[in-house]
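Written out below as structure tokens is the structure these notes cover.
The values are calculated or read from the model by the stated rules, or taken from the named source; none is laboratory data. Because the structure is predicted, anything quoted here is derived from the model rather than measured. Backbone-built Cβ (ideal geometry, glycine too); neighbour counts: all protein chains shown.
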Amino acid sequence: MVRTTSYSPEFKDQLLAKVFSPGAPKTMELAKQANIPYNTLHTWIHKHKKIVGTKQHGHDSIREITAEAKLQAIVDTSTMTELELNAYCRKQGIFAEHLSEWKKQIMTQFTSNKRQSAEDKKYQAELKVLAAENKQLKRELRHKEKALAEASALLILKKKAALLLGEDAGD
């Protein structure tokens, strides 16, 4: 017969609070410290996440933070020392790695936009050249069409004049 151990709700809550606190030790270490099986703690965490939602390490999912909030956090922490930065991160419920990742994302977006605007300028210049060339070609085409129509009219007049005068038109 398998013997199961039951734990008090207070014990579970205290352990889960440790799991979800900022800078918490790994789940395996917490299980060893509390002298409970790792799978039991893992099951409690899983059930807790289902009940509470997607709370991780004491804050809402990082994906839910707006771009404005991320930028504000980067601006706020740009001149901080490491100790101040760590205190800020604990207070906000984020990690310093998140800040560096957000900074990289913003810089990538910025350079991408900069590159895109340079490409846009290049395309605009190319578009102007092509539009001018198109306009010139249309002008030449109209001129050639008029010249062709005039040559055709002269040829017809020449043939009619030759027929009227009784001369051989000489196709």
Out of GLU150, GLU145, GLU133, sole residue that is surrounded by 10 or more Cβ atoms within 10 Å (Cβ to Cβ), under 39 Å from the mean Cα position of the chain (by Cα) and part of a helix (DSSP H, G or I): GLU133
Residue within the stretch 100-113 that is part of a helix (DSSP H, G or I), closer than 27 Å to PHE20 by Cα, at pLDDT below 85 and in contact with a helix residue (DSSP H, G or I) (Cβ under 7 Å, 6 or more places away or on another chain) present: no
So LEU127, is it in a helix (DSSP H, G or I), modelled with pLDDT of 95 or more and among the aliphatic types (A, V, I, L, M): no
Helices (runs of 4 or more DSSP H) fully within the stretch 1-99 counting 1 or more residues that are modelled with pLDDT of 85 or more and closer than 27 Å to GLN109 by Cβ: 67-77, 82-92
The stretch 101-130 residues that are at negative phi and surrounded by 10 or more Cβ atoms within 10 Å (Cβ to Cβ), paired with ones that are part of a helix (DSSP H, G or I) and not basic (Lys, Arg) (beta carbon under 8 Å, 6 or more apart): TRP102/LEU71; TRP102/ALA73; TRP102/ILE74; LYS103/ILE74; ILE106/LEU71; ILE106/ILE74
GLU167 out of contact with any Asp or Glu (no Cβ under 8 Å at 6 or more places or on another chain), under 19 Å from LYS70 (Cβ atoms) and of a type outside the set (Val, Ile, Thr): no
